[in-house]
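The structure appears right after this line, and notes come after that.
The values are calculated or read from the model by the stated rules, or taken from the named source; none is laboratory data. Predicted model, so just to flag it, every value in this text is computed and none were measured. Note that we place each Cβ from the backbone using ideal geometry, even for glycine, and neighbour counts take in every protein chain shown.
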Amino acid sequence: MSRSIAEIQQSIIDAKNAQADLAGLTSNSHRAIWLLWTFVVATCIAFLEQLMDLYLSTIESLVAKSAGASALWVQDKLFKFQYDVSNPQIAVLINTVPQYAVVDATKRIITACSVTTDVNNTVRIKVAQQNPYVALDASMIAAAQSYISTIGVAGIDYKLTSLDADRLYIKAQVYFKGQYAAVMRASIKTAISNYLQTLSQTNFNGNLKMSDLENVIRDVQGVNDVVMIDVIGRPNSPTPADPTANSYSTVLIQGQTLQQRLFNPLAGYIVPEDVATYTLDDSGVLILIPE
């Protein structure tokens, strides 16, 4: 950051005072030639530093707008993706920078985005819209794919997907205080749904921990204990008749035995299982035992 003229002049004077052969320059008169020279030189240096600051700011601005080839850069650009069903939003080159000719924040539809790198120069991108999250439709996906391929780095293969939420089947025995019987099932359902939604928002495409899921149920008011019997995660499509026997499913807990402690959703976000007879509303799934 550039210094003031006074700061620079004082540094020159301090340097002068450190030189024994300049000890005779002691006049404090504003007409003293040595003081005049320190002021002139300080002024020139101050202007040079200001020009350097301006140049640095210009360079940093250009770098910030250029393709950084980083995951955070790709994520930031996807959040700035614009979509209009009747007015196609086309990214163009402006001063060598790919961008929208008209920036309209109201047309930004992507609310969740994760970026991971794969082998062979492949970047995998998962996105969702709205809140709670839902998948982009086919037209939105096509437009977003074209957008990131246009503004991205040459030679990189960007694979963009947007899927309906993964489903999580939870079979558990919950021991609770009997006076909470009227609200216990609804309270547990709400706690699990809220946790999965919060996890999706704070850690989109992150892992779900089985220990955290158990703690969510244990922390519900009135719950004394919980035994996790089966926990199975699956992608939404294809929808199975029996989620517990789906070949696409990931078995996390089976018969009270931990199989995998982490679940990474294919879509990047998770909701409770919604196939009939396998939901948290079913007594054979969420088994409530008063104590």
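Looking only at segment 127-149, filter to residues that are among the polar types (S, T, N, Q) and either in a helix (DSSP H, G or I) or touching a residue at least 60 places away in the same chain (Cβ under 8 Å) (or both); which one of those is farthest from Asn236 (Cα to Cα)?
The selected residue is Ser149.
Of all residues in segment 154-180, count the ones that are in contact (Cβ under 8 Å) with a residue 60 or more places away in the chain, within 24 Å of Pro88 (Cα to Cα) and out of contact with any helix residue (DSSP H, G or I) (no Cβ under 9 Å at 6 or more places or on another chain).
1
Quick check: is even one residue across segment 55-74 part of a helix (DSSP H, G or I), under 30 Å from Ala128 (Cα atoms) and modelled with pLDDT of 90 or more?
Yes, segment 55-74 contains at least one residue that is part of a helix (DSSP H, G or I), under 30 Å from Ala128 (Cα atoms) and modelled with pLDDT of 90 or more.
Which one of these is in a helix (DSSP H, G or I) and in contact (Cβ under 8 Å) with a residue 60 or more places away in the chain: Ser237, Ser193, Ser211? It would help to see each step written out before you state the result.
On the way: Ser237 fails: in a helix (DSSP H, G or I); Ser211 fails: in contact (Cβ under 8 Å) with a residue 60 or more places away in the chain.
Selected residue: Ser193, the only one of Ser237, Ser193, Ser211 that is in a helix (DSSP H, G or I) and in contact (Cβ under 8 Å) with a residue 60 or more places away in the chain.
Conditions first: (1) assigned to a strand (DSSP E or B); (2) surrounded by 17 or more Cβ atoms within 10 Å (Cβ to Cβ). Ile217 passes all but one, so which condition is the exception?
Going through the list (1) assigned to a strand (DSSP E or B); (2) surrounded by 17 or more Cβ atoms within 10 Å (Cβ to Cβ), Ile217 breaks only (1).
Among residues belonging to segment 73-124 that are without any contact (Cβ under 8 Å) to a residue 40 or more places away in the chain and small (Gly, Ala, Ser), point out the one that is surrounded by the fewest Cβ atoms within 10 Å (Cβ to Cβ).
Residue satisfying both the conditions and the ranking: Ser86.
Within segment 158-170, can one find any residue that is touching a Lys or Arg at 6+ places or on another chain (Cβ under 9 Å), in a helix (DSSP H, G or I) and either of a type outside the set (Gly, Ala, Ser) or more than 26 Å from Asp76 (Cα to Cα) (or both)?
no
Sort through Thr257, Thr239, Thr250 and tell me the only one that's exposed (fewer than 13 other Cβ atoms within 10 Å of the Cβ) and not aliphatic (A, V, I, L, M).
When all the criteria are applied, what remains is Thr257.
Working only within segment 68-125, note down all residues that are of a type in the set (Ser, Thr, Tyr) and more than 21 Å from Asn207 (Cα to Cα). Steps first, please.
Restricting attention to segment 68-125, the residues satisfying the condition of being of a type in the set (Ser, Thr, Tyr) are 70, 83, 86, 96, 100, 106, 111, 114, 116-117, 122.
Passing the criteria: Ser70, Tyr83, Ser86, Thr96, Tyr100, Thr106, Thr122.
Using the structure shown, decide if Asp274 is within 29 Å of Leu136 (Cβ to Cβ), of a type in the set (D, E, K, R) and touching a residue at least 24 places away in the same chain (Cβ under 8 Å).
yes
Any idea how many residues of segment 77-126 are assigned to a strand (DSSP E or B) and in contact with a helix residue (DSSP H, G or I) (Cβ under 6 Å, 6 or more places away or on another chain)? So that I can check it myself, show each step before the final result.
Just the residues of segment 77-126 that are assigned to a strand (DSSP E or B), to begin with: 82, 91-94, 97-100, 108, 110-118, 122-126.
Imposing the further condition that a residue be in contact with a helix residue (DSSP H, G or I) (Cβ under 6 Å, 6 or more places away or on another chain) reduces the set to 82, 91, 97-98, 110, 113, 115.
Final tally of qualifying residues: 7.
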